[in-house]
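Accompanying notes for the structure given below.
The values are calculated or read from the model by the stated rules, or taken from the named source; none is laboratory data. What you are looking at is a predicted structure, and each value in this text was computed from that prediction instead of being measured. Glycine gets a Cβ as well: all are built from the backbone with ideal geometry, and neighbour counts include every protein chain shown. When the accessible area is computed, the model is the full protein with side chains, heavy atoms only, and any ligands, DNA or RNA have been set aside. Shrake-Rupley method; radii C 1.70, N 1.55, O 1.52, S 1.80 Å.
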Amino acid sequence: MTIYVRSMIMFDEDRTVWEQVYELLRARIEGDVYKERRPIPSSVHLVEELGVAQNTIRKAVLRLKAEGFVRPINGKGTYVRPREEWSPPGDE
């Protein structure tokens, strides 16, 4: 298994980058780095921070949205939903 670094984040080349970005963002949400009812960083910021493609961020955020972690608001950003609205794994 080979590990490579993009920016300051290490990604495992044996797994898709978008899933690893999803896991990172989810961990930041669950760990209260990104607060409830507050926006997560913009996709432009995340692309720059993580050194990944815009589409990679899009896929990760779409999964977070599908699981109830975030809610995009046109023209304002993507906001962390209240904890009680999150869907537990396997509850889809």
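Listed by first and then second residue, the pairs with beta-carbon distance under 6 Å, at least 6 apart or on different chains, first residue in the stretch 50-65 and farther than 21 Å from GLU85 by Cβ, second polar (S, T, N, Q) and part of a loop (DSSP other than H, G, I, E, B), are LEU50/SER7; GLY51/SER7. Taken over the stretch 33-75, residues that are of a type in the set (Gly, Ala, Ser) and exposed (fewer than 11 other Cβ atoms within 10 Å of the Cβ) amount to 1. When MET8 is tested against (1) surrounded by fewer than 13 Cβ atoms within 10 Å (Cβ to Cβ); (2) at pLDDT 95 or above, only condition (2) is not met.
One residue is enough: does the stretch 18-26 have a residue meeting the conditions at pLDDT below 95, surrounded by 14 or more Cβ atoms within 10 Å (Cβ to Cβ) and of a type in the set (Val, Ile, Thr)? No; the residues of the stretch 18-26 include none that is at pLDDT below 95, surrounded by 14 or more Cβ atoms within 10 Å (Cβ to Cβ) and of a type in the set (Val, Ile, Thr).
Every listed requirement among (1) open to solvent by 60 Å² or more (accessible area, probe 1.4 Å); (2) part of a strand (DSSP E or B); (3) of a type in the set (S, T, N, Q) is met by THR78 save one, (1).
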